[in-house]
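This report refers to the structure that appears directly beneath it.
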Amino acid sequence: MKKLRKEDLLPLKQTIEKALEIIRNQNLKEVPYFTKFLERMRCNLRTCILVEYDGWEQLEDTLRRDWKAANHIIIGIPAFHFPNNCTNEQKNVEEEFANLLIDIEFYVNG
């Protein structure tokens with residue numbers, strides 16, 4: 001498991017924000033449960049960055065805990081499905097979302 005570096009905090013926060021924006025733009029009837037964990041990760045990162053927190057290494061465990069919760073097999077990201085919309089644009093959005101999740105996984109768990 002790789003160590004999260006201080007210079008990874010801002011790109012990780014931006015990646016999470018992009019993933020959340022994609023979910024918000026889907027006009028879903030209900031907000032997926034896993035988004036609360038992504039929001040928590042985003043808020044923790046934002047706070048660390050804003051106050052220039054020196055103990056950012058301690059944030060790693062919290063981020064990993066929230067990422068694990070967001071990936072719960074039944075109520076997390078693996079259980080989420082985009083609305084059936086077979087347009088090329090929607091397929092591109094789904095691909096972008098999948099790539100963002102891969103990036104988040106890389107930052108959090110290496």
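The values are calculated or read from the model by the stated rules, or taken from the named source; none is laboratory data. Treat the numbers as computed from the prediction; the structure is a model and nothing was measured. For neighbour counting, all protein chains shown are included, and Cβ atoms are generated from backbone atoms with ideal geometry for every residue, glycine included. Just the protein is used for accessible areas: all its heavy atoms, side chains included, with ligands, DNA and RNA removed. Shrake-Rupley method; radii C 1.70, N 1.55, O 1.52, S 1.80 Å.
At a glance:
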quantity: Hits in the range 31-48 - residues which are open to solvent by 60 Å² or more (accessible area, probe 1.4 Å) and more than 16 Å from A70 (Cα to Cα); calculated: R46, T47
quantity: Within the range 61-97, tally of residues that are of a type in the set (S, T, N, Q), assigned to a helix (DSSP H, G or I) and more than 19 Å from K29 (Cα to Cα); calculated: 3
quantity: Residue ID - most open to solvent (accessible area, probe 1.4 Å), chosen from residues in the range 1-14 that are assigned to a helix (DSSP H, G or I) and closer than 12 Å to L63 by Cβ; calculated: K13
quantity: The range 15-30 - residue that is assigned to a helix (DSSP H, G or I) and not aliphatic (A, V, I, L, M) and, of those, least open to solvent (accessible area, probe 1.4 Å); calculated: T15
quantity: Qualifying residue in the range 8-15 (condition: of a type in the set (D, E) and either in contact with a Pro (Cβ under 9 Å, 6 or more places away or on another chain) or within 15 Å of V108 (Cβ to Cβ) (or both)); calculated: yes
quantity: Selected residue [among the aromatic types (F, W, Y), free of Cβ contacts under 8 Å to residues at least 60 places away in the same chain and open to solvent by less than 50 Å² (accessible area, probe 1.4 Å)] from F106, F97, F82; calculated: F82
quantity: Looking only at the range 31-60, and only at residues there that are of a type in the set (D, E, K, R) and not in a loop (DSSP other than H, G, I, E, B), the one that is modelled with the lowest pLDDT; calculated: E57
quantity: Subset of the range 49-68 that is surrounded by 12 or more Cβ atoms within 10 Å (Cβ to Cβ) and of a type in the set (A, V, I, L, M, F, W, C) - its residue that is farthest from R5 (Cα to Cα); calculated: W67
quantity: Residues satisfying the stated conditions in the range 33-57, i.e. within 13 Å of the chain's Cα centre (by Cα) and among the hydrophobic types (A, V, I, L, M, F, W, C); calculated: F34, F37, L38, M41, C43, L45
